[in-house]
1. What is the distance, in nm, between label points placed 7 Å from the Cα along the Cα-to-Cβ direction at residue 252 and at residue 107?
2. Taking 0.36 nm per residue of sequence separation and subtracting the Cα-Cα distance, how much length would be gained by fully extending the chain between residue 227 and residue 270, in nm to one decimal?
3. Using θ = phi - 60° and the Karplus curve 6.51 cos²θ - 1.76 cosθ + 1.60, what whole-Hz ³J(HN,Hα) does each residue of region 134-145 get, with Gly and Pro shown as x?
4. Would you kindly state how much longer the chain becomes between residue 237 and residue 116 on full extension, computed as 0.36 nm times their sequence separation minus their alpha carbon distance, in nm to one decimal?
5. For the pairs 75/118; 191/372; 118/284, note any where the Cα-Cα span goes beyond 30 Å.
6. Need one number for region 87-144: average projected area of the convex hull over its C-alpha atoms, nm².
7. Determine ³J(HN,Hα), in whole Hz, for all residues of region 284-300 in sequence, where each value follows from phi through the Karplus function 6.51 cos²θ - 1.76 cosθ + 1.60 and θ = phi - 60°; x replaces Gly and Pro.
8. Whole-Hz Karplus ³J(HN,Hα) for region 347-364, in order, using 6.51 cos²θ - 1.76 cosθ + 1.60 and θ = phi - 60°, x for Gly and Pro?
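What follows is calculated from the coordinates using simple rules that are stated; it is not laboratory data. These numbers come from a predicted model, not from an experiment. Backbone-built Cβ (ideal geometry, glycine too); neighbour counts: all protein chains shown.
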Amino acid sequence: DTQVHVNTQIKCLFDRIAQQGGVESGTRRKVKRLLSFQRYCHDSRLLRGLVPCAPGSLHFLDDDYLGQAAHMLSKVGTWNFDIFLFDRLTNGNSLVTLMCHLFNVYDLVHHFQLDMVKLHRFLGMVQEDYHSHNPYHNAVHAADVTQAMYCYLKEPRLAEQLSPLDVFLGLMAAAAHDVDHPGVNQPFLIKTKHHLASLYQNTSVLESHHWRSTVGMLRESGLLSHLPADMSQDIEQQLGSLILATDISRQNEFLLTFREHLDNQDLDLQLASHRHFILQIALKCADVCNPCRVWELSRQWSERVCEEFYRQGDLERQFDLEISPLCNQQADSVPAVQIGFISYIAEPLFEEWQRFTEPSALSRTMLGHLHKNKACWSSRRCAPSSPGTRTDSPDEEPGPEAGDEEGEDTP
Ligand SMILES: Nc1ncnc2c1ncn2[C@@H]1O[C@@H]2COP(=O)(O)O[C@H]2[C@H]1O
Ligand SMILES: [Zn+2]
């Protein structure tokens, strides 16, 4: 009886996560996906007969929006690229549109003899499997990480050395790295005894799920089915190694290895294994690059990630679970969370990345933004908090560097 009661409670808890933010996310399909054992076993589009939304569905949009989106794509390699605006102009199809564009830029369709219909089907599935009601872990975050990854792939120290396979893996891993993220973290999945936690033995639970979901979608779309089996297997494995590197609890492990290579100056980018390591680091940087964006974009990411943390905290409070670190709306202010995240996670990583790039114009720009943003959060931390909001200062207040962004685009 107790077990049945606990199961009902947990089911209810996950129903509530799925319902947060609107009616649509409360559908049975979303709940089923959240509770799915492995996505491709239980949630097959072929079985459901669903056709994912492809960029072709943009036709109903005003030509003017598409024209503006196309214009934005001509600047996709600049650091000030506004992914929120791009997502609105593409009617929520930023990830698919961006990936199609970048595959064209690198001529990947031709190089890997990809079937365009399968590619659209795969990208549509990935985009759709992000939870649009998550404030942070949604398809716009994936598009943002992909755009940052593209900027890093263009770094002078790297660009010349990368093979088409490296580029393909880097972009694919960036696009899919958080797919089907439930909006709660690993400790939450463990303490609520979510089946994904036991499936992946409480280790890199979410990242393993993102990877296996990606593999499921690759196989379901047949995107790589024309390639020799050993090659598609290798692609799946490398995607796994890249996506699993985004597990933030492995940050120190990667940072120490990176630092050691830089100290010893022993990175040889002609070696595939070293390029793979740098792709892991580049993806990690792209994943946590939001404090390095211009204030107006960075602030939005900060508020979104904290909102997602607070929603988890609200659930934990409601179900008498211990409130996770950073998730207590009353105790963990946005500025405090940001200063901690920037100081302990982002800054050390981007300092090493700057060394790796020798240093490039882009890494200087990124660290410049990071320092300004940190200072801005510090000043807000000292400011008295305004009651009724989840931030310490009103959204509209400009950051320290507002208005001086002209000319900071990277080449
Ligand atoms: N601005 C931020 N403030 C606090 N935590 C962040 C911020 N950006 C990213 N993170 C965390 O870093 C993690 C990196 O991996 P994820 O995208 O899975 O989840 C991310 C968040 O938990
Ligand atoms: Zn991420």
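1. Going from the residue 252 label point to the residue 107 one covers 4.6 nm.
2. 13.1 nm
3. My calculation for region 134-145 gives 5, x, 10, 7, 10, 5, 6, 4, 4, 5, 5, 5 Hz in order.
4. This chain segment gains 41.2 nm when fully extended.
5. Exceeds cut-off: 191/372.
6. 4.1 nm²
7. 4, 4, 4, 5, 10, 7, 4, x, 9, 7, 4, 3, 4, 7, 4, 4, 5
8. 4, x, 5, 6, 5, 5, 4, 4, 4, 4, 7, 6, x, 8, 4, 5, 5, 5
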